[in-house]
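Note sheet for the following structure.
Just so you know, all these numbers are worked out from the coordinates, no wet-lab data involved. Just so we're clear, the structure is a prediction, and the values are computed from it rather than from any experiment. Every residue, glycine as well, gets a Cβ built from its backbone with ideal geometry; the counts of neighbours run over all protein chains shown.
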Amino acid sequence: MKKFSSLILGCFIISFCFSLDVMAKDKIRIGFSMSLTGIYAPAAEGQMHAYKLWLEDVNKKGGIFVRELNRRIPAEFVYFDDASSTDTAVKVHEKLITSDKVDLLLGPYGTTNAFAAVPIAEKYKAPIFMSTGSSIKIRDLGAKYVWFPTSCIPDRQMQALVDLLKANHAQIKNVAILYLQELYPRENLQFLEPALKKAGIEVVLKKDYPMGVKDLSTLLSEVKAKNPDGVIVLCYAADSFLFTTQAKEVGLNPKFLFELVGPAAVAFGPKFGSNTEGISTMGHWSPKGRWLDAQGFHDRYVAKFNKKPDYLNSVLAYMAGQILEQTVEKTGTLNWEKIRETASTQEFTTINGPVSFTGTENRRTPSMILQWQKDWLEIIWPPETATTRPLIPKPSWG
Amino acid sequence: MEERVLQLIFVGLIIGSTYSLIAVGLNLIYGTMRLLNIAHGELIMVGAYTTFWLFTLMGISPLFSLFLSGLASALLGAMIGQLIFLPAIRKTKSVVVLESNSLLIFFALSIIFQNVASLLWSADIRGYSYLTQIVKIGGVPLMLNRLTAFITALIISVVCYLLLQRTMLGKAIRALIQDREATQLVGINTKRIYLFSFTISFAMAGLAGCLISMFYEITPFMGLPYTITAFIVIVLGGLGNIMGSLIGGFLLGLVETIGISLTSPGLRSIISYGIFIAVILIRPKGIFGRGV
């Protein structure tokens, strides 16, 4: 009998300690893996900055409101460098969940690492609020515990681009396509070609080039010789810089110029100055967009880091933070299963407008086309979210 | 058609001139000390950042900061040589052990340089615009900064060649490359030559970084591809053969550019590594063999 009562007492003490632990929760620990070094590091910086800004904004309010505790709890980050290695990213995610026991997770940098983390999320049923990363395969993942806020999914994005060209068919009757031999540009190409064909826009030249290319001038001379109305470059940031420099060098002056990734990078504007005028790129955001706090986010970011946010990575990272925050507030608890349910079904207000998920994909935000106009990236397509009219023909290089 | 051929040759020579500059620097350390500097690319990065900051913060022309970034890298070289490698050379008796140890040290240095740069200046892509006017040579449009980089690289390479061929110091370096023990026997201060080669090699990487920054983007992790290319060039021209590296750089630049234009840019790596493997299989001493 004595034994039994001490067992009861023991159970009582243990459960009391546990409830004390919940009651005493003074921090929401948010974990993520980040490419602080290695090949992804230059591109990942905008994401890291936006995470930090979001954390600061949340903690200024006193933290995230958790209904079951009836108070705001400050958030803190637990993050490790994955050195741009997918293997390491996978290990970091496992460590965050099993050893650091974080409350919630944000996404790592880029599609490859994000996709590698998906099985971990599913295995431990741990929700990860992804930020950067985009591929048509997002919707085929069939995952339940991850959500990608990007609307730059290749099929929708290339359709938006072709719709824009079709609306300007009087000036753009044919295009030349250059593409980088990497997964994402290739995925885009796969949808661009049929869409162009359907729209009756002729492809006069199609050429590829590898990562780390050091010279494009001979290739660009070939493009110039064909004299296309539009040039579509499915590139990443580094080769976008090289392309832009050398397009000017060889005097390639199409009426429409689209560069997939790069023109939205922070260094692009300062480097090319007035030569950016009329260059289009993919995207889904501009500080001038008519969304709550879009300009506010831009200004706070500039004030904190003394540079402009990346219109893709930084924005997606901040959105992921907002979605995480609102999911916790709407759920009222940190229980992963309940969090998953809220994230999958509810709508969230972000600096990019309302977001909701169909499976893992954000279907609510449309794919957009941005264009440099007077030192700003403006949204020029689709008309319902556009901040200004498209500038076609693009002015010649200065 | 003629214009196109001319363009290919120009582009090949321009790219080749940077390859030469980088490879000569790398080969100098290998030739004299049998040390493989896999952190060579990181010094290029340091040179590029020095130029970038001097230009953006103080408006100093990259052509002037050429001297400053060369000097900064040279100092870094002298310091690393004096503090790390001279003691290592003194303590290690076998060349084989020295080679493997130095590889580890340089690998560590490469990681340290990359990450310190990333901490100091963030991993952001950087770039600046300088001499972006277009000049036409034989009907081929070229951006002035690339032309300037080409001419500067050529001048530096020639100066380096003359230094090695015409001065006593150069003769001592060449002697050391040929036979370390015999050099010591005739009374040449090898320690001093080691340090000197280190300093010149680092300075050349810094200069190359300065020139490259005029037209390519800059990141803390930009160095590795240049190190790899430099390895291909020094194998092509012969390990320890400085003149070989000089010509090898131009040769690789031309073969790459023409090869790409005849096939596809996608085959660039296959072309350069193909040459690398072919040279190792057919003529392991390099096209120009060993010697100075």
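Any idea which of B:VAL233, A:LEU161, A:GLY46 is furthest toward the positive side of the dipole for the protein assembly as shown, if Lys and Arg beta-carbons carry +1 and Asp and Glu beta-carbons -1?
Working it through, the farthest residue towards the positive pole turns out to be B:VAL233.
Counting only complete DSSP H runs, which helices of chain B cover 24 Å or more along their long axis at the Cα atoms and score a mean Kyte-Doolittle of 0.0 or above?
B:2-33, B:40-58, B:62-80, B:95-121, B:144-166, B:190-213, B:242-262
Please rank A:VAL175, A:VAL58, B:VAL158, fewest neighbouring Cβ atoms within 10 Å first, as an exposure proxy.
Ascending number of Cβ neighbours within 10 Å: B:VAL158, A:VAL58, A:VAL175.
Taking a 24 Å limit on the Cα-Cα distance, which of the listed pairs A:LYS166/A:LYS271; A:LYS137/A:LYS288; A:LYS25/A:LYS52 fall beyond it? Intermediate results must be reported in sequence, preceding the final value.
On the way: A:LYS166/A:LYS271 31 Å; A:LYS137/A:LYS288 31 Å; A:LYS25/A:LYS52 22 Å.
From the list (A:LYS166/A:LYS271; A:LYS137/A:LYS288; A:LYS25/A:LYS52), the Cα-Cα distance tops 24 Å for A:LYS166/A:LYS271; A:LYS137/A:LYS288.
What angle do you read, to the nearest 10 degrees and between 0 and 90, between the alpha-carbon axis of helix A:237-250 and the longest principal axis of chain A?
Orientation of helix A:237-250: about 10 degrees from the principal axis.
When averaged across all projection directions, what area in nm² does the alpha-carbon convex hull of the range B:153-292 cover?
Quarter of the Cα hull surface area: 9.7 nm².
Along its principal axes, what span do the Cα atoms of the protein assembly as shown show, with the longest given first and each in whole Å?
Cα extents, longest axis first: 95, 83, 48 Å.
Just grab the label-to-label distance for A:GLU193 and B:LEU103, each label 7 Å out from Cα along the Cβ direction, in nm (one decimal).
Distance between label points: 4.3 nm.
Work out the mean other chain Cβ neighbour count within 10 Å for the residues of B:212-225 and drop it here as an integer.
Working: counts 1, 0, 0, 7, 5, 13, 2, 7, 4, 7, 2, 0, 2, 3.
What the average comes to for B:212-225 is 4.
Of B:LEU147, B:ALA78, B:CYS210, which is farthest along the charge dipole of chain B in the positive direction, counting Lys and Arg as +1 and Asp and Glu as -1 at C-beta?
Going by the charge dipole, the pick is B:ALA78.
Can you grab the distance from the C-alpha centre of the range B:220-292 to the C-alpha centre of the range A:232-292, Å, no decimals?
33 Å
For an R0 of 35 angstrom, estimate the FRET efficiency from the Cβ-Cβ distance between A:THR86 and B:LEU119 and round to the nearest 0.05.
Given R0 = 35 Å and the Cβ-Cβ separation, E is 0.90.
Expected output is a single nm value to one decimal: the length gained when fully extending between B:GLN82 and B:ALA278, i.e. 0.36 nm times separation in residues minus the C-alpha distance. What is it?
Numbers: separation 196, 0.36 × 196 = 70.56 nm, distance 3.75 nm.
66.8 nm is the gain from fully extending B:GLN82 to B:ALA278.
Over the Cα atoms of the range B:218-292, what is the Rg over Rh ratio if Rh follows Kirkwood? Please report the intermediate quantities before stating the final value.
Details: Rg = 12.7 Å, Rh = 12.7 Å.
Value, to two decimals: 1.00.
Add -39500 (n - 2.57) for each DSSP H run of 4 or more in chain B, then divide by its residues: what number comes out at 222 nm, to the nearest 500 deg cm²/dmol?
That comes out to -25500 deg cm²/dmol.
Cut-off is 10 Å between beta-carbons; in what order do A:ILE39, B:ILE60, B:ILE44 appear when sorted fewest neighbours first?
So the residues, fewest neighbours to most, are B:ILE60, A:ILE39, B:ILE44.
Using a 10 Å cut-off on Cβ to Cβ distances, tally the other chain neighbours for every residue of A:207-213 and report the average as a whole number. Could you put the intermediate results ahead of the total?
On the way: counts 3, 3, 5, 8, 4, 6, 4.
Other-chain Cβ atoms within 10 Å of each residue's Cβ, averaged: 5.
Mind pulling up the Rg/Rh value for chain B? Radius of gyration and Kirkwood radius, both on Cα.
Working: Rg = 18.8 Å, Rh = 19.4 Å.
My calculation puts Rg/Rh at 0.97.
Nearest 10 degrees, 0 to 90: what angle lies between the long axis of helix A:313-331 and the longest principal axis of chain A (Cα atoms)?
Relative to chain A, helix A:313-331 is tipped by roughly 30 degrees.
Per-residue ellipticity at 222 nm for chain A, helices alone: DSSP H runs ≥ 4 residues times -39500 (n - 2.57), over residue total, nearest 500 deg cm²/dmol?
-14000 deg cm²/dmol
So what is the diffusion coefficient of the range B:65-220 in µm² per second by Stokes-Einstein at 10 °C and 1.306 mPa s, using a Kirkwood Rh over Cα pairs?
Details: Rh = 18.1 Å.
Translational D for this selection: 88 µm²/s.
Restricting to chain A, compute how many DSSP beta bridges are antiparallel as a %, nearest 5.
Rounded to the nearest five, the antiparallel share is 35 percent.
From other protein chains only, count the Cβ atoms within 10 Å of every residue's Cβ in A:80-86, then give the mean.
1
Using only alpha carbon positions, build the gyration tensor of chain A, then give the equivalent ellipsoid semi-axes as the square roots of 5 times its eigenvalues, largest first, whole angstrom.
Semi-axis lengths for chain A are 45, 20, 18 Å.
What is the order of A:LEU178, B:LEU109, B:LEU144, B:LEU8, fewest Cβ neighbours within 10 Å to most?
Least to most surrounded, the residues fall as B:LEU144, B:LEU109, B:LEU8, A:LEU178.
So, by mean Cβ neighbours within 10 angstrom, what's the order for A:214-223, B:75-84, A:183-192, B:206-215 with the highest one leading?
B:206-215, A:214-223, A:183-192, B:75-84
For chain A, take the longest principal axis of its alpha carbons; what is the angle in degrees between that and the long axis of helix A:154-167, to the nearest 10 within 0 to 90?
Approximately 40 degrees, to the nearest 10.
Which lysines, if any, have their Cα less than 30 Å from the Cα of B:LYS91, not counting same-chain residues under 8 positions apart?
B:LYS171, B:LYS191, B:LYS285
What size of dipole, in debye to the nearest 20, comes out for chain B about its Cα centre when the only charges are +1 on Lys and Arg C-beta atoms and -1 on Asp and Glu C-beta atoms?
The dipole of chain B has a size of about 820 debye.
Kindly state, to the nearest 0.05, the FRET efficiency for B:LEU267 paired with A:ALA225, given R0 = 22 Å and r defined as their beta-carbon distance.
0.55
With no solvent and one equal point scatterer per Cα, compute the Debye intensity ratio I(q)/I(0) for the range B:59-155 at 0.13, 0.15, 0.24 Å⁻¹ and report its log10, rounded to two decimals.
-0.75, -0.88, -1.25
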